[in-house]
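Each value in this text was obtained by applying a stated rule to the coordinates, not by laboratory testing. Owing to the predicted nature of the structure, the values given are computational and were not obtained by experimental measurement. Note that each Cβ is placed from the backbone with ideal geometry, even for glycine, and that neighbours are counted across all protein chains shown.
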Amino acid sequence: MMLDARGYSCPEPVIMLKKAMESPETEYEMMVDNRASLENVTRFAKHNGYEVEAKQKGDDYALRIFRK
């Protein structure tokens with residue numbers, strides 16, 4: 001499931017991920033455009049048992065959020 005949180009400031013990206021986690025999906029891709037969102041989304045995902053891989057792409061960050 002792809003989530004595009006670019007243009008949103010916290011806590012909106014975390015809320016978007018939380019809503020997505022209510023689905024049966026176990027893996028998410030998310031785009032954010034600021035460091036605070038990257039850190040908050042990563043912290044939230046790890047707290048909920050997910051692994052996070054992040055890569056910077058220009059001014060944005062691409063996150064892969066998944067369960068092992």
Would a scan of region 41-56 turn up a residue that is buried (at least 18 other Cβ atoms within 10 Å of the Cβ), part of a helix (DSSP H, G or I) and touching a Pro at 6+ places or on another chain (Cβ under 7 Å)?
-> yes
For residues in region 6-36 being in contact with a Leu (Cβ under 8 Å, 6 or more places away or on another chain) and not in a helix (DSSP H, G or I), which is surrounded by the fewest Cβ atoms within 10 Å (Cβ to Cβ)?
-> 29
